[in-house]
1. With a Förster radius of 30 Å, plug the Cβ-Cβ distance of Leu243 and Asp178 into 1/(1 + (r/R0)^6) and report the FRET value to the nearest 0.05.
2. Give me the number: length gained by fully extending Arg88 to Leu166, i.e. 0.36 nm times residue separation minus the C-alpha to C-alpha distance, one decimal in nm.
3. Could you work out what % of the accessible surface of segment 266-343 is carbon and sulfur, using a 1.4 angstrom probe and leaving DNA, RNA and ligands out of the count?
4. Would you tell me the accessible area of Cys97, worked out with a 1.4 angstrom probe on the heavy atoms of the protein chains, in Å² to the nearest 10?
5. Would you calculate the separation in nanometres between label points at Arg311 and Asp56, each defined as 7 Å from the Cα along the Cα-to-beta-carbon direction?
6. Which sequence of Arg66, Arg262 reflects their accessible areas, 1.4 Å probe, from the largest down?
7. On the full set of protein chains, 1.4 Å probe, figure out the accessible area of Lys319 and give it in Å² to the nearest 10.
8. Top to bottom by accessible area (1.4 Å), largest first, where do Arg88, Arg231 land?
Amino acid sequence: MPVIRNLDNVVRLRQYCSPTTVARLAHARSSTMESQLLEYLLRVAELGSINKAALDLQLSQPALSRHIARLEEEMGAKLFVRAQSGVRPTDAGLLLCERARPLLRQFALIKEEVGDKAAGVLSVGIAASWQRVFTSKFVATLVQQCPAISLRVVEGLSDRLRDDMLDGLLDLCILPFDAASAQGYRQTPLIREPLVLVGPLSAALRADQPIALSELESLRLVLPGRPNAVRRFVEHGLARRGLVLRVAVETDTLNLCIESARQSIGFTVVPACALVEHPLAHAISWCALQNSYITWALFENRARHHSQAVREGRRIVMKTIEGALAAGDWFGAEAANKRALKA
């Protein structure tokens, strides 16, 4: 279980925790009571008050204080200090909160596996650009066909989804294809689609008139920050040609990128899927970038492949993508693995 992902994290934990505790967290061995203590910890940290957390958890304030004291004793470190408005986590408390979330997620998965639940829980990570072309349809289909599955959907930029995936928090995840697949995950190519340049309506960009990537050097751009896959593609593409990227605004919000293009703040580059049924489609113009494509892949958690919920989720992912391609609204998209979509 990837609760502690690298040596640096182990070293940091040793600054605050006893050797016994470090070994326990590193191997993710947690009893029911220990997982409950971590849940109490997270609730106190979130609310910033033991009194408020006790009320929320339906515990007495003294009882919750004893639980926190017990956790501090086991950790060998002070986890909270008094603040003007309640309590706040110490550095040790913040680190334990950060590591507790994936640990609790893994514990929940163990309980599901041991209990052999027929329905189960499904956590899916999907790039924000897929929302209208895929995500909303996928969610509707899964809820309709598999009402017993408890579905959790995480939307975001690819680099943040990858972090969640590496923490073991996702069962399925749709990300840009990676030649070096993440350890513990099986990767299946899904879709190859063009990258498109988006600008204001006055720019008069046309889908049937692609432009060269080199022309981006003369434009002010609004792009996500590093290490976003689209940003990396554009930046490296210009660098190979000896050209410089001019970023006017960095934002990790897809809608703000497109809204900034509409307002002539700067041009942006997005996957073609981001413009399918977009509410601003009538107020912007766009064109494809020549020889610029992104391939998306489905990453599957190998530790969860036996789960009925994961198998059903994978099946519906493939069917939803097949339907999206058949609809014909996804500009330039083509199946990267036709056999997988038909499976």
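The values are calculated or read from the model by the stated rules, or taken from the named source; none is laboratory data. None of these values were measured; they are calculated from a predicted model. Cβ placement follows ideal geometry from the backbone for every residue including glycine, while neighbour counts extend to all protein chains displayed. These area figures cover heavy atoms from the full protein model, side chains too; ligands, DNA and RNA do not enter into them. Shrake-Rupley method; radii C 1.70, N 1.55, O 1.52, S 1.80 Å.
1. Values: r = 26 Å, r/R0 = 0.86.
Between Leu243 and Asp178 the formula returns 0.70.
2. On the way: separation 78, 0.36 × 78 = 28.08 nm, distance 2.80 nm.
Here the segment from Arg88 to Leu166 would lengthen by 25.3 nm.
3. Numbers: 1780 of 3460 Å².
Of the solvent-accessible surface of segment 266-343, carbon and sulfur hold 51 percent.
4. 10
5. 3.8
6. The residues order as Arg66, Arg262, largest area first.
7. 110
8. Working: Arg88 130, Arg231 10 Å².
Descending accessible area places them as Arg88, Arg231.
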